[in-house]
There are 2 protein chains.
Amino acid sequence: MFRQNYSSALLEDAVEQFASLPGVGRKTALRLALHMLDLPRENVEQFSNAFISLKDRVRYCPVCNMISDDGTCPICSDHRRDRSVVCVVESLRDVLSIENTGQYNGLYHVLGGIISPIDGIGPSDIHIRELTDRLAKGGINEVVLALSTSMEGETTSFYIFKQISSFPVTVTAIARGVGFGDDLEYTDELTLGRSIANRQIFKP
Amino acid sequence: MFRQNYSSALLEDAVEQFASLPGVGRKTALRLALHMLDLPRENVEQFSNAFISLKDRVRYCPVCNMISDDGTCPICSDHRRDRSVVCVVESLRDVLSIENTGQYNGLYHVLGGIISPIDGIGPSDIHIRELTDRLAKGGINEVVLALSTSMEGETTSFYIFKQISSFPVTVTAIARGVGFGDDLEYTDELTLGRSIANRQIFKP
């Protein structure tokens, strides 16, 4: 079923488009394209328009840079949330993941990327300036850094730490260690090593 | 990550659309929608247009009803193929599956469905008449029935068999039995029972 002649360039193109999605192989792409062919035109139109609309009409929260259809996002607008804590993340994905845990009640700051000299992304290309502007307005006591532990993530965390060190805020970072339910045997050495070095008082 | 507030109706809609595809869950749908958001507008447009084009501009081969952008399909046009054998299948999917085996060199006839009284699909709703028209033109010696063994498939096979019995053609059906590499232990009783009843001379 791979790279074969589908007898139609239109079908071939639809397959190619589905196959361009992350995690979708050509066999699945063919199944999806044939599914599209079976759908009423109206549904195909709805399907296609959803992405064009998303791309054209998406707006970002002027406060935290989170995706938001109209002005300030629901999280920044929610007055039941703790407005003195701001969690700094790379992307919208991370906000959704943290929200999903139900363990965080503060606000966010979405950088929209991380510093990566190899990809030509410097500090001014991501929303660090907006973070210092927020801190300058006052009312924030803690900044939680929740960036990845990659070289780029560490660089970005360090850069932000230096940029905000003059503000009267506590800078914290999310805990790293052996995951809950993970076997020590299968945990990588770096994680296990650091989790021993950063051991904490046992609270049963 | 399920049924949560994505803080954007546009994003929610894009996720819903991806989640409407067969085999795509909401978690994958979110990943795909965020991927769309990251793509340049041009790529999103290409993606969306592919399906509208497929739906609007798709044509079918006037001979075999296979999908074809322009007139007679590549299979019917290929003069290296055996034009005396026609394999009757339910859909385009089946043509692609059989082509993929590389074991068949004849032509096809795509019914575009099977007889299913429950769904209100009768003999005149699928391309059976076009098959008898092809046989009436002569030159075809064998019709291979390759429909499913469901109640509807069996009904359709029997109906076609009766419709074409007056033509001087051999009517065959694809072999059914225990799959290559399958354990007898895990084969359903019907398949195993029939594979014993239909046993063939062993040719080592």
Surrounded by fewer than 16 Cβ atoms within 10 Å (Cβ to Cβ), over 17 Å from A:Val88 (Cα atoms) and not hydrophobic (A, V, I, L, M, F, W, C), is that true of A:Asn198?
yes
Count, please, the residues in region B:66-78 that happen to be surrounded by fewer than 19 Cβ atoms within 10 Å (Cβ to Cβ) and either within 7 Å of chain A (Cβ to nearest Cβ) or in contact with a Gly (Cβ under 6 Å, 6 or more places away or on another chain) (or both).
2
Which condition number does B:Ser97 fail, the rest of (1) within 15 Å of the chain's Cα centre (by Cα); (2) under 15 Å from B:Asn65 (Cβ atoms) being met?
(2)
Residues located in region A:158-189, provided they are among the polar types (S, T, N, Q) and either surrounded by 14 or more Cβ atoms within 10 Å (Cβ to Cβ) or not assigned by TED's automatic domain parsing to the domain that holds A:Val143 (or both)
A:Gln163, A:Thr187
Any hit, region B:48-55, residues being within 8 Å of chain A (Cβ to nearest Cβ), without any contact (Cβ under 8 Å) to a residue 40 or more places away in the chain and within 30 Å of B:Thr156 (Cα to Cα):
yes
Checking the structure you have, find out if any residue of region A:58-78 is of a type outside the set (Asp, Glu), touching a residue at least 24 places away in the same chain (Cβ under 8 Å), assigned by TED's automatic domain parsing to the domain that holds A:Tyr159 and under 17 Å from A:Ser150 (Cβ atoms).
no
State all residues of region A:41-65 that are open to solvent by less than 30 Å² (accessible area, probe 1.4 Å) and in contact with a Ser or Thr (Cβ under 6 Å, 6 or more places away or on another chain); if no residue qualifies, say none.
A:Ser48, A:Phe51, A:Cys61
Would you confirm whether or not region A:105-124 contains a residue that is part of a helix (DSSP H, G or I), of a type in the set (S, T, N, Q) and either out of contact with any Asp or Glu (no Cβ under 7 Å at 6 or more places or on another chain) or over 22 Å from A:Ser150 (Cβ atoms) (or both)?
yes
Can B:Ile114 be described as hydrophobic (A, V, I, L, M, F, W, C) and within 13 Å of chain A (Cβ to nearest Cβ)?
no
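Give region A:80-97 a look and list any residue that's among the aliphatic types (A, V, I, L, M) and within 12 Å of chain B (Cβ to nearest Cβ), or say none. Let's see the steps before the verdict.
Applying the first criterion (among the aliphatic types (A, V, I, L, M)) to region A:80-97 yields A:85-86, A:88-89, A:92, A:95-96.
A:Leu92, A:Val95, A:Leu96 - these are the residues of region A:80-97 that are among the aliphatic types (A, V, I, L, M) and within 12 Å of chain B (Cβ to nearest Cβ).
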Check region A:125-134 and report whether any residue there is in a strand (DSSP E or B) and either away from chain B (no Cβ under 11 Å) or β-branched (Val, Ile, Thr) (or both).
no
Determine if region A:107-119 includes at least one residue that is closer than 16 Å to A:Asn65 by Cα, at pLDDT 95 or above and surrounded by fewer than 20 Cβ atoms within 10 Å (Cβ to Cβ).
no
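Among the residues that make up region B:96-103, is at least one of them touching a Gly at 6+ places or on another chain (Cβ under 7 Å) and either assigned to a loop (DSSP other than H, G, I, E, B) or at pLDDT 95 or above (or both)?
no
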Can you tell me which residue in region A:6-38 is farthest from the chain's Cα centre (by Cα), limited to those that are more than 15 Å from B:Ala19 (Cα to Cα), more than 7 Å from chain B (Cβ to nearest Cβ) and open to solvent by 20 Å² or more (accessible area, probe 1.4 Å)?
A:Asp38
Residues of region B:135-147 classified as loosely packed, with under 14 Cβ neighbours inside 10 Å and not in a loop (DSSP other than H, G, I, E, B), total
1
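The values are calculated or read from the model by the stated rules, or taken from the named source; none is laboratory data. Model, not experiment: these values are computed from the prediction. We place every Cβ from the backbone using ideal geometry, glycine too, and count neighbours over all the protein chains shown. Protein only, heavy atoms only, side chains kept; ligands, DNA and RNA dropped before computing areas. Shrake-Rupley method; radii C 1.70, N 1.55, O 1.52, S 1.80 Å.
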